[in-house]
Amino acid sequence: MQAAEQAAFARGISVETLMDQAGTGVARAIREFFPKAGTCIVFTGKGHNGGDALVAAEQLQRIGWKIDVRLSFPEENCSELTQKKLKTLRESTLKPPDTIDRAPRTIILDGLLGTGAKSFLREPIRSAAREINRLRREENMFVVAVDLPTGLDADSGENDPEDTVIADFTVTIGFVKHGLIVDSALDFVGRIEIVPLPGLWPDTSAPNELATSPYSLSPILPRRQFSAYKNQFGRIGVVAGSKGFIGASIMTTEGALRAGAGLVEVFVPDEIYEIVTSVAPIEAMVKPVRRYRDLLEEKVDVWALGPGLGKARASEILNLIENATQPMIVDADGLNIVAEKVDILRSCRGPRLLTPHPGEMKRLIDVGKMARAGIARNFCDRFPITLLLKGSRTIVCERGKPISYNTTGNPGMASGGMGDVLTGVCAGLAGRELSLYDSGRIGAWACGRAAELSIFHNGASEESLLAGDVLTHLGGAFNELRNPSV
């Protein structure tokens, strides 16, 4: 980031131009999560990170937000540019009246320190950081960090648990800093939103790590041609469900449909066929299965296998996983069956995307004390598969490709059915001939963003969020993916 900034300055781009772009992007990101104006408390340091926050505050004030600025240093000690942005905020002629209808929500903007800070916090920054955490803890305010949470090292993710700001959202400027995606930083960083700066050019060398955003993903999912027809978007075969786990097959099926699959067929055991037929989406076809090995003859483009399947017919399922030539997404009981004979992953006849949560991953491999990224790389080095390791910062990994970190999602997604939806979405995307790597990256982003839309735009909460809410808002997520804010 520092090298990119210096290169921009050498091309004649001013510090103030980058600050204005950064602050505008921060304000835009806040509006994505808080569409109705409220109150914003801005904690600022004396450097340019504080200037970014003040630009964002001025932009929010223009659309009705009430702004409360809390300086950590005397104004005369702030940088010249930060003082200028503070004066602009105070003198804004577009300040809204106090009678404007505002949401009761109050958010905090952490603009205390940026990437230049390398040591543990000192006064008065430490007291300001502690006050931010107190307001979050005691008054339930959402915290938005500008570029990175104060007290977190941008390169290593090192932090002081007592003093580092705990952010619900980190709006990072230009590029994601490595310290934001390490495991130890997760609960301090929260949800990552990337603000691209037109004046900054990244290093052109091939990256080892990527962070997903609409800007990077939208080119992978082009709009359909006007002459399109259903056979161009894949025939998806869902192998899921058993007695007591019918819902898993339904959610997987609807996930595939809402991700754009051309046709979806659901293959279920005889004993639940009639029940599934009565509740399955009317757009899907339900077919009874007597022997899973017969599915090898089905004309299917992509398989979605595992949710709610049970292990009663494990040998037949294992044979299907190993010998199906089509791409296959393997989840839930499919993974538990594979865990008993994991070496078959070396001999699968078609591409495989495995989507374990941390507990399922431990059954597949001895994770020891490895970081999640290390677990993913190690597993993909051992087996020629694509891995989507679910979690608050979902990872997609494949041998020979950059490890990809998902940026969307919410703790409310830690509930049953979310993985079933994701399996179906990934299968639907793969049906239009996306690679399993890209299907996993887009699928994780879209499901995470759909959960956010449910909570921040449609009245759900972390407690009330259901997998069905994610299905309902997938359309909004895909629309955002195709039309990233600029």
* Assuming R0 = 35 Å, can you tell me the calculated FRET efficiency for the pair Lys84 and Met370, based on Cβ-Cβ distance, to the nearest 0.05? => 0.15
* To do: Sort the stretch 265-333 into rounded, prolate or oblate with this rule: let a ≥ b ≥ c be the square roots of the eigenvalues of the Cα gyration tensor; rounded if a/c is under 1.5, and if a/c is not under 1.5, prolate when a/b is larger than b/c, oblate otherwise.
  => prolate
* Putting +1 on Lys and Arg Cβ atoms and -1 on Asp and Glu Cβ atoms, find which of Ile41, Val264, Ile192 reaches farthest to the positive end of the dipole of the chain. => Val264
* Excluding same-chain residues fewer than 8 positions from Lys243, which lysines have a Cα within less than 23 Å of its Cα? -> Lys287, Lys311
* So how do 172-180, 155-163, 362-370 stack up, highest first, on mean other-Cβ count within 10 Å? -> 172-180, 155-163, 362-370
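Once you order the gyration tensor axes a ≥ b ≥ c over the Cα atoms, which shape class does the stretch 365-431 get: rounded for a/c under 1.5, otherwise prolate or oblate by comparing a/b with b/c? Don't jump to the answer; show the numbers that get you there.
Numbers: a/c = 1.92, a/b = 1.31, b/c = 1.47.
Because a/c hits 1.5 or more and a/b fails to exceed b/c, the stretch 365-431 counts as oblate.
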* Going through the DSSP H helices of the chain, which span 27 Å or more along their own axis at the Cα atoms while scoring at least -0.5 as a mean Kyte-Doolittle hydropathy? -> 15-33, 436-456
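Give me the compactness ratio for the stretch 421-483, meaning the Cα radius of gyration over 2.2 N^0.38 Å. Can you show the working numbers first?
On the way: Rg = 11.8 Å, N = 63, 2.2 N^0.38 = 10.6 Å.
Normalised Rg, Cα atoms only: 1.11.
In terms of solvent-accessible area of protein heavy atoms at a 1.4 angstrom probe, what is the ranking of Ile250, Ile317, highest value first? Can you show the working numbers first?
Values: Ile250 30, Ile317 5 Å².
Correct descending sequence by accessible area is Ile250, Ile317.
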* Asked: With respect to the cross-link table entries Lys84/Lys118; Lys46/Lys85; Lys299/Lys401; Lys85/Lys118; Lys118/Lys401, which display a Cα-Cα separation exceeding 22 Å?
  -> Lys84/Lys118; Lys299/Lys401; Lys85/Lys118; Lys118/Lys401
* To do: Using packing as a proxy for protection, rank 404-410, 128-134 so that the peptide with the highest average count of other Cβ atoms within 10 Å comes first.
  => 404-410, 128-134
* For the stretch 1-118, what is the charge dipole size about the Cα centre, in debye to the nearest 20, if Lys and Arg each add +1 at the Cβ and Asp and Glu each add -1 at the Cβ? -> 240 debye
* Structure fact -> Here the residues of the stretch 137-173 lying in the modelled label zone of Ser461, meaning backbone nitrogen under 20 Å from a point 7 Å along Cα-to-Cβ, are 137-143, 168-169
* Rounded to 5, percent antiparallel among DSSP beta bridges of the stretch 332-486 -> 75 percent
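What ranking do 11-19, 42-50 get when scored by the average of other Cβ atoms within 10 Å per residue, highest first?
With the highest mean Cβ count within 10 Å placed first, the list reads 42-50, 11-19.
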* Asked: Cross-link partners among aspartates and glutamates for Lys362, C-alpha distance below 17 Å, same-chain residues fewer than 8 apart left out?
  -> Asp183, Asp331, Asp333, Glu340, Asp343, Asp381
* To do: Distance between Cα centroids, the stretch 450-471 to the stretch 401-445: provide it in whole Å.
  => 17 Å
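Counting DSSP beta bridges with both partners in the chain, what percentage is antiparallel, nearest 5? Kindly include the intermediate steps, with their values, before the conclusion.
Working: 6 of 55 bridges.
Expressed as a percentage, antiparallel bridges in the chain total about 10.
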* On average, how much area does the Cα convex hull of the stretch 201-359 cover when viewed from any direction, in nm²? -> 12.1 nm²
* Structure fact -> For the chain, Rg(Cα) over 2.2 N^0.38 Å is 1.05
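The values are calculated or read from the model by the stated rules, or taken from the named source; none is laboratory data. What you see is a predicted model; the values in this text were computed from it and never measured. When we count neighbours, we look across all protein chains shown, and the Cβ atoms used for this are built from the backbone with ideal geometry, even at glycine. Side chains are part of the model used for accessible areas, which takes the heavy atoms of the whole protein and leaves out ligands, DNA and RNA. Shrake-Rupley method; radii C 1.70, N 1.55, O 1.52, S 1.80 Å.
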